[in-house]
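All remarks here apply to the structure that follows.
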Amino acid sequence: MYSDEKVFNKMVERRRDFHRYPETGWTEFRTTSKIAESMTDVGMDIRFAGDFVQIEHVLGRNADIEAQVTRAVIQGASPEMIEKMKGLTGLTAEIDTGRPGPVTAIRFDIDCVDTTETGGSSHLPRQLGFNSVNPNCMHACAHDGHTAIGMTLAEELFSEKSSLKGKVRFIFQPAEEGARGGFAFVKSGAVDDADYFLTFHLGLGNPTGTVFGGTDGFLYSTKIDADYRGVGAHAGAEPQKGKNALLAAASAALSIHGIAPSPDGLTRTNVGVLNAGDGRNVVPPKAHMKIETRGATEDAAIYIYRAVMRILHGAAEMYDVKLTTQKCGEAISATSDRELAKIVMEAASSVCGVDRTDLIQPMAGSDDACWMMKKVQDNGGKATYIGIGADTKAGHHNDHFDFDEKAMLIAFEVLYKTVFMLNGK
Ligand SMILES: [Zn+2]
Ligand SMILES: [Zn+2]
C-alpha cells in the first residue's frame, strides 16, 4: 500500500517540473523522455508511439521537429530515449500480471496549450519558480497534473502487481489540444483489446472534493487550417493586377461567424487566427486562418463543417484567389457507461477529501479521448470519462490558470481504487 505523503510529494514535484517545461502537441519529447525513464526505472514494459502509430493518422503535426528535439535535450531529455521515439511523442506502459483478467486502459494527455504564461507576481508558479520557460507554451489545462498522476499511478500499481489480474495499460497520449493525437492512437490499436477504458480531467469548473463517475455531452469537433493565395501588386499604380487574399479571408471570417444555427443540435464555430498581407502598399497576396467547428450531434457537426467549407470556397471564388485547406484535428462525441461510472463513484466514496460524488457531469467541450471511448464500446467494452474537481485560479486556457494540487491525490486514489475494483485478484 502506498503512503499518501510520499505519493503526493512525488506528484507535486513532477507536476511542477512539467509545468516549467511545457511542450505543444506532437513535440512532447522532453515529457515523453521523462515518463519513459521513470517507467523503465521501475521495470515496466513501454512502447513508444514511434513503434506503433502510423504517420498517416497523425493530425496537425506542423512544428519544426528538429528544433523541438534540440530544445528538449537542452532541457533535460535523454538523447537515448529521444532516439528510440523515432520522431513521434507519447507512449504506452503496461502491467501484464500474466493472470487471466480484464484489460484496463487508462489515458493521460501530456501536451500543453499554445499560450504564454503570465509573469504576474500573484501567480503561484511564478512565486515558487516553476513558471513556463518556453514561449507560447503553457500548461493551462492541467495536463502537467494528468501526466504526473499517470506516472505515479503506474509505478504504485506496478509495485502491487502480485495483487492484480489481467492487464493495466497506461496510455500517455500527445496532442489532445486541437484534437490531434487521440485518433492516431486509436488507429494504431492502442485500445483494441481493452475491456475497460478510463480517462479523466482535473478542474473543468468543479471545486476540489467533487468527483463525477462519468461525463456526457462532448461535442464533435473539426479543426481546419485555410490558406488563401492571391497575387501581390502595387496598391497605388496597378491594384487591378492584384488578387486580394486578405479580403477573401476577412469576408470568409465574417460569414463563418454568421452561419445560421442547425435544427439538429447546438453548433459552434470560431475563426481563432487570421494572418494576412505583406506590407502597407502591397495588395495582400496571402492569408492564413485557423478555424474550428463543433456540433452536439453528428448531423449538426456535418452541417456546420459543410457551411464553413462552402463559405471558404465561396470567398475564394469571389476574390479569384486560390484556397487550400487542411484538416488538423478531429474529435467525435461519446457517452460514459453508467455501470463503470458507478464503480468509479463507489471507489471515490471512500477517498479522503471527497465531499461530493455524482454520476455524470455535463460537458460543452471536446476531447479526443472520445475516439478511444467509442472504440472500446464498439468492441463490447465499457468506458468512462471521470471528472475530478480542482479549484482553479482562472479558466482553462487562460494565462493565469493554476489548479489546486491537492486534487492530484484525489485523482490518484480514485483511479487506484477503481483499478483494484476492476483488476484486483
Ligand atoms: Zn485544454
Ligand atoms: Zn485539457
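A short reminder: the numbers here are calculations on the coordinates, not readings from a lab. All of these numbers come straight from a predicted model, not from anything done at the bench. Cβ coordinates were reconstructed from backbone atoms using ideal geometry, including for glycine residues, and neighbour counts include every protein chain displayed.
Under the convention that each Lys and Arg Cβ holds +1 and each Asp and Glu Cβ holds -1, the size of the dipole of the chain around its Cα centre is about 560 debye.
Could you tell me what percent of the DSSP beta bridges with both partners in the chain are antiparallel, to the nearest 5? Approximately 65 percent, going by the DSSP bridge assignments.
Region 258-280 and region 213-255 have Cα centres separated by 9 Å. Helical content alone sets the calculated 222 nm signal of the chain at -11000 deg cm²/dmol, taking -39,500 (n - 2.57) per DSSP H segment of four or more residues and averaging over every residue. For the cross-link pairs 86/417; 223/406; 10/84; 187/322; 86/161, the ones whose C-alpha atoms lie over 28 Å apart are 86/417; 223/406; 187/322; 86/161.
When a/c is below 1.5 the answer is rounded, else prolate if a/b is larger than b/c, else oblate, so apply that to region 268-399 with a ≥ b ≥ c taken from the square roots of the Cα gyration tensor eigenvalues. Note, shape of region 268-399 comes out prolate.
Note that region 220-330 shows a convex hull volume over its alpha carbon atoms of 79 Å³ per residue. Screening the chain for DSSP H helices whose Cα atoms reach 30 Å or more along their own axis and whose mean Kyte hydropathy is at least -0.5 gives 298-319.
Loop-only trypsin sites (Lys or Arg not before Pro) in region 191-280, please: DSSP not H, G, I, E or B, and at most 14 other Cβ atoms within 10 Å. Loop-located and lightly packed - 280. Could you list the trypsin sites (Lys or Arg not before Pro) in region 389-418 that lie in coil according to DSSP, counting only those with at most 15 other Cβ atoms within 10 Å of their Cβ? Listed in order of number, the matching sites are 393. Largest mean-square fluctuation among 141, 370, 352, in a Gaussian network model of the chain whose springs join Cα atoms under 10 Å apart, belongs to 352.
Charges were assigned to the Cβ only: +1 to each Lys and Arg, -1 to each Asp and Glu. The resulting dipole of region 1-140 about its Cα centre is roughly 300 debye. Assuming charge only on the beta carbon of Lys and Arg (+1) and of Asp and Glu (-1), the dipole of region 220-330 about its Cα centre is about 260 debye to the nearest 20. Among the chymotrypsin sites (Phe, Trp or Tyr not before Pro) found in region 127-230, not one is both in a DSSP coil and sparsely packed, with 11 or fewer other Cβ atoms within 10 Å of its Cβ.
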